Amino acid sequence: MNAVAAALLTFALGPWLVAFDSDKGLLTMTHQEQKVSITGTLQLHSEGKTWKLVAPQDNVPQRLAFADQTGYVYAYVTFQQNGDRLDLLVHHRTRQFFSGDWTFDGDIAFRPESFACRVTPVKGERVLTLGSGQTDSLLNDAIFARDDDLLLQIAGANVNLSTQAGGHYGVKIKGQIEESSASSFGFHLEPKYFQKRYVPYYAPIDRKRCPKPPTGWMSWNVYFDKATAEDNLLQARVGKKYLQPFGMEFWSIESWQGNSDQLPVSKFYNLNLEVNEKQFPKGMKQLARDIRALGFRPGIWMAPFGTGNEAFYKAHRDWFLHDKEGKPMKTWNGIYTIDPTNPAVQDHLRKIFDIASHDWGYEFFKIDGMSAGPGYCAHFYEHPNVKAAFMNPQCPNPFERCVRSFREGIGPDRVFLACQGHVTGPEAAYADASRIGADIVHPNKPVGWKNLYQQAGRTLNQIFTHNIVFYADPDTLLVNDALSMEEARLSTCVVGLPGQLMFAGDKLDSLPMERMRLLQQVLPVTDVHPMELYPFFSMLPVWDLKVAKSFLNWDVVALFNWEEQEATIPFTFSELGLDANATYVLYEFWTDHFSGQASGSFSMKVPSHAVRLLAVHRLAGHPQFLSSDRHVTQGAVDLLDLAWNEQTKELKGTVRLVEKNKTTLRFYLPEGFIMKKVSSAAGVQIESKTGNNGRVAAVSLESPTSKDARFVLTF
């Protein structure tokens, strides 16, 4: 142990430097390579006495002592390092028999772009936890930095993390020391957290190219292979009116290739950019221009691992795979499947994507045929008999060569959706988004409950890498009348609450406005990240989105009934990582129902195949915001600021309005508060009313143009 100054003791443990300032009682542990620092005070409490951490009274290295006011030592803390892990053991001095508890109260300096999360699964979990903003939960035990794939786990009996500014976190850790046993806690730094576990090609999302999950429309799930250029433009004109003002960005074209008017995909002319002239007589370049003229960014679907074009195959026979008898190898993508180890094939892939991107003008590429099963090329190329057919049988990364060529062809400024892309493959290094589930409908069939159930299951299983490695695409959001309204609302929550890609797929010109409204209520996509960094394998009934803004925090809790009968879905506030002793007010989104106050736990009856969506706010003791009907996140996208003035008895805020769309905000009014007046900006139409025995005020605001409107509620 080296004395740097009279009051400062330091010692190195591998990459960790431990420093103790005995004058201030401050313990600092710094990982020098990763520039992570934990600073705080450690105290031991027993029988009404507090023993502070002090410098040791001997020369034993790598330990500090707990002493009373006279300097008598009762216990020690020793430091144990194993690689990037640093553990602290609190234990008795020999022949000391006492029980008590210890507390560490400190600050963690981590990465600015990091967020608090949880990495320790609990048996019997019922809740999926998501976060929008710098969210906290009493269940969090770790901090994760997306840019560096760096995790810091805090190991201890009772951990409480609180997010501060600039990558700093408050941390409180509590534990007990018994008469017969020691106690420990630690800081486990894990570089390459995802890469070592799930994502060998880990690369964070390029947020300059794709700052948010894409949104748009695509034709296949209702038109299947029959959509024409005019069909696409007809729906785009409707989308321009009803969805573009809410944030829809892309319009993506499916089944445009030669011979693509009838399944299977293996017969499509996928490799030579030949266009189905019957359905797209003006070509794909003109269609991209027409889409852009309507204010959307054009997107296109491609399946480039094979072709059904016999003439193209014969002209480039050595580009394709053949079995021992010389017969072409077939996959989902083509009767003729490309050899990814042939350099000429890679050149051709780059060329066709370059044309579609930079000549035709498409900005969003949905590239299909990747990893859905044995008939798809990520799996197919791994078969020994397929490898034997390669031009270069020793090629270590045939599938990666294809994915890299796609990105090189479309360029660094285009959005790439891997369908179906897996985090376990090379798509993670090149694509911006990934289709995580199967098709939401079977070919030429309507959407049904089994499709929605599968969509939800895939979301639960794979959402743990969303907004980190990929933006998750659960496939299109369909809300047409093949589904009951309850089922359509459930699918809306599955897609929208976690902030996934939202591509609509219904015929918008015949969609009733009450169902069009569902599409509007998930636009724009909310910036949401997972708070459990591991997959789930069961249908969790409770999804909790935590919303953190500079002026207010709240939870949006979805109660899903996956069963065939009505069910009562309960939760405890502890399960949500909230204070179990606090009182909360709740408002249900779909039924516009004030659910009153609750503490400890809450339950609600939910119909079969349905969801109930609760805004949960801690009781404030003065008029407070409850809910907005603008978006399923109930305020996350439209409530821009809010403040209560106790002196003037005014609640002031700002709400983002969409042109000609009425937004209704609801507020809880405690006993003794009566709303006297509501005012807003010039040109904003206001309606207000009070219900629930005067406890809930509904304030509706509408503007002829999209704008951020100030409002004032006076009491």
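The values are calculated or read from the model by the stated rules, or taken from the named source; none is laboratory data. Predicted model only: the values in this text are computed from it and were never measured. In this analysis, Cβ positions are derived from the backbone assuming ideal geometry, glycine residues included, and neighbour counts consider all displayed protein chains. Ligands, DNA and RNA are excluded from the accessible area calculation, which covers all protein heavy atoms including side chains. Shrake-Rupley method; radii C 1.70, N 1.55, O 1.52, S 1.80 Å.
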In whole Hz, the Karplus estimates of ³J(HN,Hα) for the stretch 351-359 (6.51, -1.76, 1.60; θ = phi - 60°; x where Gly or Pro) are 5, 5, 6, 4, 5, 4, 7, 9, 9
Taking the alpha carbon gyration tensor of the chain, what are the square roots of 5 times its eigenvalues, largest first, to the nearest whole Å?
50, 37, 21
State in Å² the accessible area per residue of the stretch 2-71; use a 1.4 Å probe, count heavy atoms of protein chains only, and round to the nearest integer.
52 Å²
Under 18 Å Cα to Cα from Lys267, which aspartates and glutamates show up? Leave out anything in the same chain fewer than 8 places away.
Asp225, Glu254, Glu277, Glu310, Asp339, Asp368
For the stretch 409-497, what is the accessible area per residue in Å², given a 1.4 Å probe and the full set of protein chains?
26 Å²
Span from the the stretch 404-471 Cα centroid across to the the stretch 152-193 one, whole angstrom:
35 Å
Going down the list Lys226/Lys445; Lys549/Lys652; Lys660/Lys707; Lys192/Lys387; Lys652/Lys689; Lys652/Lys707, which pairs span over 19 Å between their C-alpha atoms?
Lys192/Lys387
Please work out the ratio of the alpha-carbon Rg of the stretch 293-388 to 2.2 N^0.38 Å and round it to two decimals.
1.19
Cα centroid distance between the stretch 213-257 and the stretch 668-689, in Å?
39 Å
Quarter of Cα convex hull surface for the stretch 383-537, i.e. mean projection, nm²:
11.8 nm²
Taking the Cα atoms only, what angle lies between the long axis of helix 229-242 and the longest principal axis of the chain, rounded to 10 degrees?
40 degrees
Lys546 accessible area, assembled protein chains, probe 1.4 Å, Å²:
10 Å²
Rounded percent of accessible protein surface that carbon and sulfur make up, the chain, 1.4 Å probe
48 percent
Quote the charge dipole size of the chain about the Cα centre in Debye, to the nearest 20; the model charges only the Cβ of Lys and Arg (+1) and of Asp and Glu (-1).
920 debye
Could you work out Rg/(2.2 N^0.38 Å) for the stretch 115-174, with Rg from alpha carbons only?
1.11
Compute the distance from the alpha-carbon center of the stretch 314-383 to that of the stretch 581-648, in whole Å.
51 Å
In bins 5 Å wide, starting from 0, what share of all Cα pairs of the stretch 213-339 does each bin hold, as a percent?
2, 11, 20, 19, 15, 12, 9, 6, 3, 2, 0, 0
Run down the aspartates and glutamates and flag those whose C-alpha is under 12 Å from the C-alpha of Lys240, throwing out any fewer than 8 positions away in its chain.
Glu249, Asp509
Can you check what the net charge comes to around Ile674, using other residues whose Cβ is under 12 Å from the Cβ of Ile674 (Lys, Arg +1; Asp, Glu -1)?
+3
HN-Hα J couplings of the stretch 260-277 from phi, Karplus 6.51/-1.76/1.60, θ = phi - 60°, integer Hz, Gly and Pro as x?
9, 7, 7, 5, x, 4, 4, 8, 5, 8, 7, 10, 10, 6, 6, 9, 6, 6
Using unit Cβ charges (K, R positive; D, E negative) and no other charged atoms, how large, in debye to the nearest 20, is the dipole of the stretch 142-185 about its Cα centre?
180 debye
List the relative contact order of the stretch 375-479 as a percent without decimals, with contacts defined as Cα pairs under 8 Å and 6+ residues apart.
21 percent
On a 31 Å Cα-Cα criterion, which of the cross-link pairs Lys35/Lys174; Lys285/Lys327; Lys282/Lys366 come out too long?
Lys285/Lys327
At q = 0.13, 0.14, 0.20 Å⁻¹, what log₁₀ I(q)/I(0) does the stretch 4-118 have when each alpha carbon counts as one equal point scatterer in the Debye sum?
-0.53, -0.61, -1.15
About the Cα centre, charge dipole magnitude for the stretch 525-604 (Lys/Arg +1, Asp/Glu -1 at Cβ), debye:
280 debye
Starting from the eigenvalues of the Cα gyration tensor, five times each then square-rooted, give me the equivalent ellipsoid semi-axes of the stretch 156-235, largest first, whole Å.
52, 16, 15
